[in-house]
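None of the figures in this text is laboratory data; all of them are computed from the coordinates on show. Just so it is clear, the model here is predicted, and its values are computed rather than measured. Every residue, glycine as well, gets a Cβ built from its backbone with ideal geometry; the counts of neighbours run over all protein chains shown.
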2 protein chains.
Amino acid sequence: MLAEIITIGDEILIGQIVDTNSAWMAQKLNQQGIRVKQISSVSDDKQHILNALTEAATRADIIFITGGLGPTKDDITKQTLAEYFNVKLVLNEDALNNVFNIFKRYNRPMLDVNRKQAEVPENCEVILNNNGTAPGMWFNTGGKIYVSMPGVPFEMMYMMEDTVIPKLKASLKLPVIIHKTILTVGEGESYLAEKIADIENDLPHNIKLAYLPKMGQVRLRLSAYGNGEASLQDKLEEFAGRIAERVGHNVVALEDTPLEKVVLNYMQERGLKLSAAESCTGGYISHLLTQHAGSSAVFLGSAITYDNRIKEKIAGVNHQTLETFGAVSEQTAREMAEGVLSRFGTDYSIAVTGIAGPGGGSEDKPVGTVWIAAAKANKTVAKKFTFGNKRMQNIERSAVAAFFMLITLLKES
Amino acid sequence: MLAEIITIGDEILIGQIVDTNSAWMAQKLNQQGIRVKQISSVSDDKQHILNALTEAATRADIIFITGGLGPTKDDITKQTLAEYFNVKLVLNEDALNNVFNIFKRYNRPMLDVNRKQAEVPENCEVILNNNGTAPGMWFNTGGKIYVSMPGVPFEMMYMMEDTVIPKLKASLKLPVIIHKTILTVGEGESYLAEKIADIENDLPHNIKLAYLPKMGQVRLRLSAYGNGEASLQDKLEEFAGRIAERVGHNVVALEDTPLEKVVLNYMQERGLKLSAAESCTGGYISHLLTQHAGSSAVFLGSAITYDNRIKEKIAGVNHQTLETFGAVSEQTAREMAEGVLSRFGTDYSIAVTGIAGPGGGSEDKPVGTVWIAAAKANKTVAKKFTFGNKRMQNIERSAVAAFFMLITLLKES
């Protein structure tokens, strides 16, 4: 089953935004056994959109269209779809109610342009937008399915997960594809590949292994294709087990979970509490934890100690330590971790202090030097890392390394 | 002058990587007055690439191709280009020297597949790759320019800046496109559109206005096309000025800057320091600030006070306040802001406390209820917001609202 994605909007073509929607959609579709043949970004131009639709329909069975559904003049996707299908725009009552309710909820006057958002081509089924005023649209015509959704990522994502994917599963005969992911931290993909080469060679032809590296983590994804979900599942589990055993302590989860969620789940099951002291990660670790619902059961809070005085005052680092060893040092990292452990009254803590860059490096401590510590009641561990010279990468890699250090400390107990 | 970008490689189509190259290239090209008409991502498949090239050539004057130049079997861009132009592959001495030198530098044996990387279609000019083994290629044929580059971002970027853009400027008479962006916060796009409808109607045909909404912010982007950069710039400034005046205090910047960077720039210019107390945003505000290099000149740190005891102990909220009014209340927000203002010793502070969801709501305080406060020495302001029921969205919108409240307080002074 082949799909194409057409994203509409000049903001992508002038490079103002990066199209992250397409990759997300492609991933979700792949999991359902739908292959994306082409992704095209086109301008808010009627003829251009019409051509893109016509071309896509020659290659694919399902065509996803995102963007161009806003209330303003430059949004012309709906009118263009109506012209493409040679139908009229009609007011849809459900969509109108949705717009009406949204304006009511926010206590805002509803304008004429907003009412127009409830108009859709008459041959479509409306996909309700729980997060915005623009309805999604599902067309099934000429043996092809067309799905038009807003370009706003969270509106599109909810529509895909809530409505579009279930509807695709119900209306198409899709092959069975099941996946099993092993999350590893701390080793590169070539090292892992060498370590499990013989297991990989043993894989049957309908099970594929992909290495998905990302910022100090490698996800090993096994995908099984075919019929008979139960037996595919058994085979997958067997190989996942063999790989996990071989890779050893670098395996942190046997599922496709964000690393920080592995921490939260593990600690919640054991009733353990966590705090953090962040310098160069500047809140990123806390943000990763608190983006997950229910994180408050584990995470009590943290001190973002960007300035040295705050390291002393809030995290309890000794003035003398900072004077003698500097902010980026083993001693400071340890005192930060121990400081929040006691002041925040948690069972475990992590602390990060380093030079994210691009400024602030020295010969002794170049940009990318990061000290990380993890602490519990009677033990603190600390380790120095030397990452690269990219600020955001240093922040992300520090967070990954800190969570891995914490997981290792947790599992010792 | 129109361009198209074709990215080749299955990793984009299965969603394994997000195509960031195209946005980067589009930005660079726009600055040179080259408009990108379409971006297409296609698979490592000969016929598919040939079709994409043929289609692009019907629409554009310049076709950029990235990816598919690696040494492995699935990389077929060069062979496909040779077939497209109906020419042979020949060994290029400069490219071979480059490959040879790279292997020498890393002390690695050069393999036959690497030597093959120096083969190029005979009708191309080679673009030397200073950062890798795959040469870039420049074709000028049939009145069109084709540029093929590696998909590795920094290899492509270096080639674009060092060779391709100077070569384009030298060989083409390029028109001018200039953009001017107005960043607004706090009003939706339909409201803004209605407010400036008459100004939008006054726009000459060569100036376009786009509304780019994102999480409580709307960017208004004016784009002017034509000749004579100075007069276009004057026209843009004139309309930007009229729009900014009409929109009023919702305008926070007359440039395309992230909102938190507006805060950092404004405060740094005035030597002001900032701290934060975050409950439901859980570190997101701190992370937004500290992702920017140089943020330490303004931002001293923050207290992530997820738990109520931490709100008391670290941010200095009174136990009685929490008992009487609850954690999500005007009083708590105010005390959080005032607490970190004094404890962190900053000129300004912001505080956020709310129910991000999906759990924790009540009839009185449903999910999405957020109290935000901003404080300076003699004044604290606080406001209640009612966002939606999506956790991540509540976090992002809270951050935007907090920065907007801070900017408003800053500008009062």
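Helix B:229-247 and the longest principal axis of the C-alpha atoms of chain B enclose an angle of approximately 30°. What does the net charge come to around B:A197 if you take all other residues with beta carbon closer than 13 Å to its beta carbon, with K and R at +1 and D and E at -1? Combined, the nearby Lys, Arg, Asp and Glu give -2. Taking the label point 7 Å along Cα→Cβ, B:E412 and its counterparts in the other copies are spaced 5.1 nm apart, in ascending order. Sorted ascending by nearby beta carbons within 10 Å, beginning with the fewest, A:Y106, B:Y266, A:Y158, A:Y225 become A:Y106, A:Y225, B:Y266, A:Y158. In chain A, helices alone account for a calculated mean residue ellipticity at 222 nm of -12000 deg cm²/dmol, with every DSSP H run of four or more residues adding -39,500 (n - 2.57).
In order along the stretch B:286-298, the Karplus-derived 3J(HN,Hα) couplings, from 6.51 cos²θ - 1.76 cosθ + 1.60 at θ = phi - 60°, round to 4, 5, 4, 5, 7, 6, 8, 4, x, 5, 5, 5, 10 Hz, and Gly and Pro are given as x.
Count neighbours as other Cβ atoms within 10 Å of each site's Cβ, and list the GluC sites (Glu not before Pro) in the stretch A:324-368 that are DSSP loop with at most 14 such neighbours. The partial results should precede the final answer.
Numbers: sites: A:E330, A:E335, A:E338, A:E363; in loops: A:E363.
Passing both the DSSP loop test and the Cβ count: A:E363.
Give the shape of chain B as rounded, prolate or oblate, defined through the alpha-carbon gyration tensor: a ≥ b ≥ c are the square roots of its eigenvalues, a/c under 1.5 means rounded, and otherwise the shape is prolate if a/b is larger than b/c and oblate if not. In terms of gyration-tensor shape, prolate.
When the Cα centres of the stretch A:20-83 and the stretch B:196-268 are compared, how far apart do they sit, in Å? For the stretch A:20-83 versus the stretch B:196-268, the Cα centre distance is 28 Å.
Largest GNM mean-square fluctuation among A:G282, A:G151, A:G143, using chain A with Cα springs under 10 Å: A:G143.
I'd like the Karplus ³J(HN,Hα) series for the stretch A:255-264: coefficients 6.51, -1.76, 1.60, θ = phi - 60°, whole numbers in Hz, and an x wherever there's a Gly or Pro. Here the 3J(HN,Hα) series is 7, 8, 10, x, 3, 5, 6, 4, 4, 4 Hz. Given a Förster distance of 51 angstrom, what is the FRET efficiency for B:E83 paired with B:S342, based on the Cβ-Cβ distance and rounded to 0.05? Result of the calculation: an efficiency of 0.10.
Computed from Cα atoms, the angle from the helix B:330-343 axis to the main principal axis of chain B rounds to 70 degrees. Under the shape rule built on the C-alpha gyration tensor, where the axes satisfy a ≥ b ≥ c, the stretch B:2-171 is rounded, since a/c falls short of 1.5. Spin-label pair B:Q320-A:R35: with each label point 7 Å from Cα along the Cα-Cβ axis, the two points sit 7.1 nm from one another. Within the same chain, aspartates and glutamates fewer than 8 places from A:K167 are excluded, and of the rest, those with a Cα less than 14 Å from its Cα are A:E125. Sorted from shortest to longest, the distances between the A:N97 label points of this copy and the other copies are 7.4 nm, with each point 7 Å from Cα along the line through the beta carbon.
Pairs over the 29 Å Cα-Cα cut-off, from the set A:K384/A:K411; A:K384/B:K214; A:K390/B:K37; B:K311/B:K365; A:K28/A:K78; A:K144/A:K180: A:K384/B:K214; A:K390/B:K37; A:K144/A:K180. For the stretch B:78-154, which trypsin sites (Lys or Arg not before Pro) pass both filters: DSSP loop (anything but H, G, I, E, B) and at most 12 other C-beta atoms within 10 Å? In loop regions of the stretch B:78-154 (DSSP not H, G, I, E or B), the sparsely surrounded trypsin sites (Lys or Arg not before Pro) are B:K88.
What residues of the stretch A:312-344 lie in the reach of a label at A:H249, counting those whose backbone N is under 20 Å from a point 7 Å from the Cα along Cα→Cβ? Within reach of a label on A:H249, which here means backbone N under 20 Å from a point 7 Å along Cα→Cβ, the stretch A:312-344 contributes A:334.
Around the amide H of B:F387, modelled in the peptide plane, lie the amide H atoms of B:T369, B:V370, all under 5 Å away and 5 or more residues distant in sequence or on another chain.
So how do A:S148, A:S223 line up by other beta-carbon neighbours within 10 Å, fewest first? Don't skip to the answer; put the middle values down first.
On the way: A:S148 28, A:S223 19.
Least crowded to most crowded, the residues run A:S223, A:S148.
Assign one of three labels to the stretch B:303-360, namely rounded, prolate or oblate, based on the Cα gyration tensor with a ≥ b ≥ c the square roots of its eigenvalues; rounded applies when a/c is under 1.5, prolate when it is not and a/b is larger than b/c, and oblate otherwise. Working shown, then result.
Details: a/c = 1.86, a/b = 1.49, b/c = 1.25.
Cα axes put the stretch B:303-360 in the prolate bin.
Note on A:S231 and A:D162: the extension gain reaches 22.0 nm, defined as 0.36 nm multiplied by sequence separation minus the Cα-Cα distance.
Peptide B:38-45 shows a mean partner chain C-beta count of 6 within 10 Å per residue C-beta. Could you sort out which of A:K235/A:K273; A:K313/A:K383; B:K173/B:K235; A:K235/B:K46 sit more than 29 Å apart by Cα distance in this structure? Checking Cα-Cα distances, A:K235/A:K273; A:K235/B:K46 exceed 29 Å.
Could you tell me which trypsin sites (Lys or Arg not before Pro) in the stretch A:338-413 are loop residues by DSSP with no more than 15 other beta carbons within 10 angstrom of their beta carbon? Can you show the working numbers first?
Working: sites: A:R343, A:K376, A:K379, A:K383, A:K384, A:K390, A:R391, A:R397, A:K411; in loops: A:K390.
Hits after loop and neighbour filter: A:K390.
Phi angles of the stretch A:400-413 translate, via the Karplus equation with coefficients 6.51, -1.76, 1.60 and θ = phi - 60°, into HN-Hα couplings of 4, 5, 5, 5, 5, 5, 5, 4, 4, 5, 4, 6, 5, 5 Hz per residue; Gly and Pro are given as x. Projecting 7 Å from Cα along the Cα-to-Cβ direction, the label point of A:A230 sits 8.2 nm from its equivalents in the other copies, listed shortest first. Partner shielding of A:147-160 amounts to 1, given as the average count of beta-carbon atoms from other chains within 10 Å of each residue beta-carbon. Treating r as the C-beta distance of A:K384 and A:R309 and R0 as 30 Å, the FRET efficiency rounds to 0.80.
Against chain A, whose longest principal axis is taken from its Cα atoms, helix A:46-59 shows a tilt of about 80°.
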